[in-house]
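The values are calculated or read from the model by the stated rules, or taken from the named source; none is laboratory data. Quantities reported herein were computed from a predicted structural model and do not represent experimental measurements. Every residue, glycine among them, receives a Cβ derived from its backbone with ideal geometry; neighbour counts consider all protein chains shown. These accessible areas exclude ligands, DNA and RNA; they are computed on the full protein's heavy atoms, side chains included. Shrake-Rupley method; radii C 1.70, N 1.55, O 1.52, S 1.80 Å.
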Amino acid sequence: MKKYEKIIAPLLAILLGILIGTILLVFSGKSPIYMFSTLIKSVIGYDILKPGPINLRYFGEFLVFSMPIILTGLSVGFAYRTGLFNIGGEGQVLVGSAASTAAALLLPMSGVPHLIACLLAGALAGAIWAFIPGILQVKKNINVVVTAIMLNYVGLHFSNWVVQQMPTFAKAKTDYFPVSLKSPFLASITNNSRLHWGIIVVLVALVIYHVLIEKTSFGYSLRATGFNREGARYAGMKVDRNVVYAMMISGAMAGLAGAIITLGTFGYGRQLGASEGYGFDGIAVALVGGCNSIGIFLAGLLFGALKVAQPAMQALQIPKDIATIISACIILFVSMQYGIMDVVYKVVGRFKKKDEVVTKDGGEA
Amino acid sequence: MNYAIEMLNITKDFPGIRANDNVTLQVKDRSIHALLGENGAGKSTLMSILFGLYQPTEGCIKIRGKEVKITDPNVANELGIGMVHQHFKLVECFTVTENIVLGMEPHKNGVLDLKSAAKKIKELSEMYGLNVDPDSLISEISVGMQQRVEILKMLYRNADILIFDEPTAVLTPQEITELISIMKNLVNEGKTILLITHKLKEIKAVADECTVLRRGKYIGTINVAEATEKQMAEMMVGREVNFSVAKEEAKPGDVVLSISHLNVKNNKGLLGVKDFSLDVRAGEIVGLAGIDGNGQTELVHALTGLCKIESGTVTLNGNDITNYSIKKRIEEGLGHIPEDRHKHGLVLDFTLEENFAIHAYNVEPFAKNGFLNKAEITKNAERLIEQFDVRSGQGAKTITRSMSGGNQQKAIIAREIDRSPELLLVVQPTRGLDVGAIEYIHKRIVEERDKNKAVLLVSLELDEILNLSDRVAVIFNGELTGVVDRKNTDENELGLMMAGSKKEVN
Ligand SMILES: Nc1ncnc2c1ncn2[C@@H]1O[C@H](COP(=O)(O)OP(=O)(O)OP(=O)(O)O)[C@@H](O)[C@H]1O
Ligand SMILES: [Mg+2]
């Protein structure tokens with residue numbers, strides 16, 4: 001696909017998704033105006049129906065929801081660029097949470113070094129959790145998808161068990177940590193939202209992702225592996241090693257997502273009844289974001305908005321499933337982007353001569 | 001005059017390049033019309049326009065005198081136009097019948113009815129002498145057979161204008177002969193054929209007329225019977241072409257590659273290479289001749305490390321490399337122009353410059369401290385593009401997938417020859433190249449030899465083997481049938497050896 005198509009196609013997908021959500025809402029007898037006003041209010045804190053001052057707490061909460069799914073989006077995107085589908089983000093997020101909980105409560109440290117150790121513990125746990133499917137794929141030829149899905153369940157129960165072992169565990173949670181990413185400063189400028197320093201982690205991860213993939217020779221060999229594994233092997237690249245490394249880096253990003261949720265949004269360890277879907281959100285984010293860092297950042301914000309608006313919608317008796325339906329439609333349409341562009345060209349072609357696309361299966365020889 | 005196809009004043013622009021520039025092509029009904037031109041001249045583009053894959057920027061198309069707009073391949077189908085692409089579009093795990101009916105599955109009361117389809121396919125196959133079994137799986141039949149399935153696919157859809165884009169590039173000499181007679185059959189039954197090929201011999205053998213393109217422009221149309229191969233070559237390249245390489249006597253030095261008692265399994269788990277021994281010295285070109293599928297691929301993959309060696313040893317400059325990784329072999333001085341350019345030779349979604357850096361992406365000058373040095377990568381690409389005349393729309397930044405097939409091949413050759421490895425393993429190097437490019441590539445291979453490098457050339461084309469080699473080794477059924485001096489052998493002797501008759505190793 002051409003550069004501008006890579007931007008237009010997802011935008012169209014998003015518009016179509018929202019359009020379908022709107023139509024469904026109309027059919028269910030609700031006014032779509034409320035849906036849009038809630039969405040806008042959830043993002044920037046301004047109610048277009050009841051004009052008043054902007055409440056930045058909404059904006060802060062919107063970021064709180066977006067941050068982890070940007071990280072899981074980076075996680076899925078990184079694996080995908082190497083030709084791997086890391087569907088194990090769920091489990092990697094959870095073990096990342098548990099590891100940072102343990103590190104926060106058990107490490108005899110304090111201050112910023114302790115905080116960094118907690119983040120690293122989360123990243124490491126995610127990396128290890130993703131190492132397992134990676135190494136099984138390489139050594140035993142067991143598909144990463146299968147192993148990673150299974151490890152999602154193992155991850156849930158294992159991380160609950162870890163949290164339960166914490167000395168201060170009671171009533172499904174631990175005591176507050178001695179350190180956290182919570183930020184009175186960020187809270188104060190966003191009218192007491194839960195916005196926390198995890199945002200720095202997210203920004204750093206975005207930069208690392210971009211530099212690693214686009215600028216380094218390691219990233220070059222990962223991309224080569226992703227595009228053409230046999231070709232990379234022929235060129236002497238260590239394809240198997242690349243697969244394992246890519247899975248581990250991908251897992252580390254997901255683990256970091258778990259760490260910032262635990263250390264920033266909550267500040268204490270939690271026992272969970274079920275996974276919270278951050279890993280799966282990451283798949284959508286990476287897909288819509290085209291697996292590049294800016295795209296993932298923007299797509300993370302989009303899905304963050306849809307996620308954060310759900311409770312508010314429900315309060316207005318708009319079924320929160322509408323947000324889910326919109327997300328699902330966007331994913332669907334992004335997967336159909338070649339077809340969508342085809343339709344666009346057919347329509348546009350009536351007015352203007354068609355511009356050429358690099359054929360999908362390419363050089364015929 | 002009765003024209004089946006008229007493409008009038010066709011112009012087609014791609015980003016950075018005019019692939020067709022005011023081209024006119026007129027094809028007489030019930031004839032075989034060849035399309036000849038250098039790599040990147042715009043042949044495939046012109047045919048893709050006819051088949052509805054691209055829309056022309058300017059120009060019009062008439063089919064049997066009627067002006068038409070071919071907006072997509074379905075329209076082409078309705079107009080009776082079919083195309084065999086060089087890379088077949090078949091589903092490996094489906095049968096021949098299932099592949100042929102795909103998209104227009106016959107049914108009886110809503111239930112898939114493959115029986116009647118299979119019957120029709122069998123009839124068609126017999127009528128044109130194609131010999132295809134409708135029930136075999138695609139994955140189990142040879143490339144030549146797969147091509148016939150593509151032909152049947154067109155016939156099943158009642159196409160009467162058939163486009164073949166370099167059909168012979170993937171075929172063995174034996175299969176080429178058969179394809180030629182199939183094409184003649186087709187024309188006798190009333191079909192019209194458009195044929196792209198770089199092999200002038202084939203044009204002489206089947207075509208009635210030939211249209212020549214050069215750098216997107218129409219040069220002329222000739223009556224094939226009245227033209228010589230030399231004339232056609234000159235017309236297409238714009239200068240005189242030497243078909244044989246001028247080279248001095250070889251001065252072989254030390255043994256560079258030594259293969260001894262090598263056994264390699266093929267993908268069916270049987271021995272594909274059996275007890276194979278051969279030496280290649282510095283300063284000589286050894287040709288490996290053989291009919292396709294006699295162990296050449298396994299041998300090459302074993303030498304390069306792409307597949308495992310069962311037993312035996314391989315040494316390179318005296319070092320035992322039998323168990324070396326691919327990377328280490330490359331570092332020891334092995335260069336490889338692979339047989340399958342899309343699978344091994346290139347990362348199609350990379351830019352041309354990225355592909356040029358594929359072996360050395362992590363060392364200076366292309367990388368420093370783990371970071372890519374894009375300026376150096378671009379500089380290197382621009383040098384190779386210039387030297388080897390690799391043509392594309394956007395130079396070093398072109399996505400390799402959008403390049404013409406021949407130029408993709410030139411890119412691989414440029415990259416490997418430029419490294420000037422101690423041992424150059426060359427497999428089918430000139431597949432899909434135009435005669436001008438072949439001349440240049442052959443010259444460069446001989447230059448490598450004269451720089452005292454060792455060259456092992458694997459080719460299915462005896463002409464190429466005889467043209468380049470100093471010694472010729474012949475492989476049959478995975479075993480070495482013999483090694484002969486180029487000077488003391490000829491096509492006939494090699495032909496016999498390729499069929500398995502032994503010759504004392506000298
Ligand atoms: N889809 C595309 N996008 C951009 N450029 C293209 C595309 N297809 C072809 N080109 C360019 O157009 C030119 C003509 O290409 P084409 O494939 O028609 O050549 P060809 O005559 O078939 O050559 P060959 O003998 O090597 O197959 C080439 O320079 C190629 O890079
Ligand atoms: Mg071509």
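Does B:ASN380 qualify as being more than 29 Å from the chain's Cα centre (by Cα) and open to solvent by 10 Å² or more (accessible area, probe 1.4 Å)? Taking the combined requirement at face value, the residue does not satisfy it.
Screening B:GLU98 with (1) away from every other protein chain (no Cβ under 14 Å); (2) more than 26 Å from the chain's Cα centre (by Cα); (3) in contact (Cβ under 8 Å) with a residue 40 or more places away in the chain gives one miss only, at (3). For the stretch B:407-417, the criterion of a residue being more than 20 Å from the chain's Cα centre (by Cα), more than 13 Å from every other protein chain (Cβ to nearest Cβ) and on the phi < 0 side of the Ramachandran plot is satisfied by no position.
Please work out if B:LEU348 is more than 27 Å from B:ALA381 (Cα to Cα) and either more than 11 Å from chain A (Cβ to nearest Cβ) or out of contact with any strand residue (DSSP E or B) (no Cβ under 6 Å at 6 or more places or on another chain) (or both). No, not satisfied.
Here's the yes/no breakdown for (1) closer than 12 Å to B:GLY216 by Cβ; (2) within 16 Å of ligand 2 (Cβ to nearest atom); (3) outside any strand (DSSP E or B):
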| site | (1), (2), (3) |
| --- | --- |
| B:THR11 | yes, no, no |
| B:ASN20 | yes, yes, no |
| B:VAL23 | yes, yes, no |
| B:LEU36 | no, yes, no |
| B:LEU46 | yes, yes, yes |
| B:GLY52 | no, no, yes |
| B:LYS62 | no, no, no |
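Pairs linking a residue in the stretch B:162-184 that is more than 13 Å from ligand 2 (Cβ to nearest atom) and open to solvent by 10 Å² or more (accessible area, probe 1.4 Å) to a residue that is among the hydroxyl-bearing types (Ser, Thr, Tyr) and not in a helix (DSSP H, G or I), with Cβ atoms under 8 Å and 6 or more positions apart or on different chains, are B:GLU175/B:SER142. Residue by residue through the stretch B:24-72, note down the ones that are surrounded by fewer than 16 Cβ atoms within 10 Å (Cβ to Cβ) and within 12 Å of chain A (Cβ to nearest Cβ). B:GLU58, B:LYS69, B:THR71, B:ASP72, listed by residue number. If the condition is being under 28 Å from B:PHE88 (Cα atoms), open to solvent by less than 10 Å² (accessible area, probe 1.4 Å) and among the hydrophobic types (A, V, I, L, M, F, W, C), then the stretch B:326-366 contributes B:ILE337, B:LEU346, B:VAL347, B:PHE350, B:LEU352, B:ILE358. Taking the numbered list (1) over 19 Å from B:LEU456 (Cβ atoms); (2) facing another protein chain (nearest Cβ under 10 Å); (3) open to solvent by 10 Å² or more (accessible area, probe 1.4 Å) in turn, B:ASN323 passes all entries but (2). Could you grab me the full set of residues in the stretch B:218-228 that are in a strand (DSSP E or B) and either farther than 25 Å from B:ALA19 by Cβ or within 16 Å of ligand 2 (Cβ to nearest atom) (or both)? Across the stretch B:218-228, the qualifying residue is only B:ASN223. Would you call A:LYS182 of a type in the set (Lys, Arg) and modelled with pLDDT under 90? No: the conditions fail for A:LYS182.
Screening the stretch B:296-314 for residues that are part of a strand (DSSP E or B) and crowded, with 17+ Cβ neighbours inside 10 Å and picking the one that is nearest to the other protein chains (Cβ to nearest Cβ) gives B:VAL314. Just for the stretch B:389-406: of the residues that are part of a helix (DSSP H, G or I) and either under 22 Å from B:GLY335 (Cβ atoms) or among the acidic types (Asp, Glu) (or both), which one is nearest to the other protein chains (Cβ to nearest Cβ)? Checked the stretch B:389-406; the qualifying residue nearest to the other protein chains (Cβ to nearest Cβ) is B:GLY405. Counting only residues that are away from ligand 1 (no atom under 16 Å from the Cβ) and open to solvent by 10 Å² or more (accessible area, probe 1.4 Å), the stretch B:185-205 holds 9 of them.
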